[in-house]
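> Pasting a structure here, questions to come.
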Amino acid sequence: MKQIRYICIVQLNREIFYIMKYSEFYKLIEAEGWTITRGKRHYKYVHPVIKGFISVARHKSQEVPDGTLAKMMKIAGMKK
C-alpha cells in the first residue's frame with residue numbers, strides 16, 4: 001500500500017509558499033521512483049522514465065527555499 005505524503009502550503013497575499021525540509025523532500029521523490037546516482041556537493045536524483053536530473057542540496061534539517069522547491073517539484077513532474 002502506497003503512503004500518502006502531504007506538503008504544507010501557506011497562502012499569503014495571493015502568493016503560495018510550500019514549507020518542507022530537505023529530508024522530507026528526499027523521501028517524497030524517492031517514493032516517486034527517483035534514485036541517487038552521484039554528486040560531490042549535491043545529491044543527484046535521476047528517474048528511469050523522466051529525462052534529466054534533479055540536483056538537491058545536502059541540508060537535511062533545513063527548509064527548502066520556496067522557489068527551489070517549486071522548481072524541483074516541476075522537474076520531478078509533481079507540479080504543473
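> Are there any pairs, at least 6 apart or on different chains, whose C-beta atoms fall under 9 Å, with the first in segment 30-44 and closer than 11 Å to VAL56 by Cα and the second open to solvent by 70 Å² or more (accessible area, probe 1.4 Å) and part of a loop (DSSP other than H, G, I, E, B), and if so, which?
If the second residue must be open to solvent by 70 Å² or more (accessible area, probe 1.4 Å) and part of a loop (DSSP other than H, G, I, E, B), the pairs left are GLY39/ARG58; ARG41/ARG58; HIS42/ARG58; TYR43/ARG58.
> Answer yes or no as to whether ILE54 is outside any strand (DSSP E or B) and surrounded by 12 or more Cβ atoms within 10 Å (Cβ to Cβ).
For ILE54, the condition - outside any strand (DSSP E or B) and surrounded by 12 or more Cβ atoms within 10 Å (Cβ to Cβ) - is not met.
> Scan segment 3-19 and give yes if some residue there is of a type outside the set (Lys, Arg) and at pLDDT 90 or above, otherwise no.
There is no residue in segment 3-19 that is of a type outside the set (Lys, Arg) and at pLDDT 90 or above.
> Please enumerate the residues belonging to segment 57-67 that are open to solvent by 60 Å² or more (accessible area, probe 1.4 Å) and not acidic (Asp, Glu).
Of everything in segment 57-67, those that are open to solvent by 60 Å² or more (accessible area, probe 1.4 Å) and not acidic (Asp, Glu) turn out to be ARG58, HIS59, LYS60, SER61, GLN62, PRO65.
> I'd like to know if segment 39-47 contains one or more residues that are exposed (fewer than 13 other Cβ atoms within 10 Å of the Cβ), over 17 Å from LEU69 (Cα atoms), over 15 Å from the mean Cα position of the chain (by Cα) and at pLDDT below 90.
Yes, the conditions are met somewhere in segment 39-47.
The values are calculated or read from the model by the stated rules, or taken from the named source; none is laboratory data. Small disclaimer: the values here were computed from a predicted structure and weren't measured. Because the Cβ atoms are built from the backbone with ideal geometry, glycine has one as well, and the counts that use them run over all protein chains shown. Accessible surface is based on the protein model in full, side chains and every heavy atom, while ligands, DNA and RNA are left aside. Shrake-Rupley method; radii C 1.70, N 1.55, O 1.52, S 1.80 Å.
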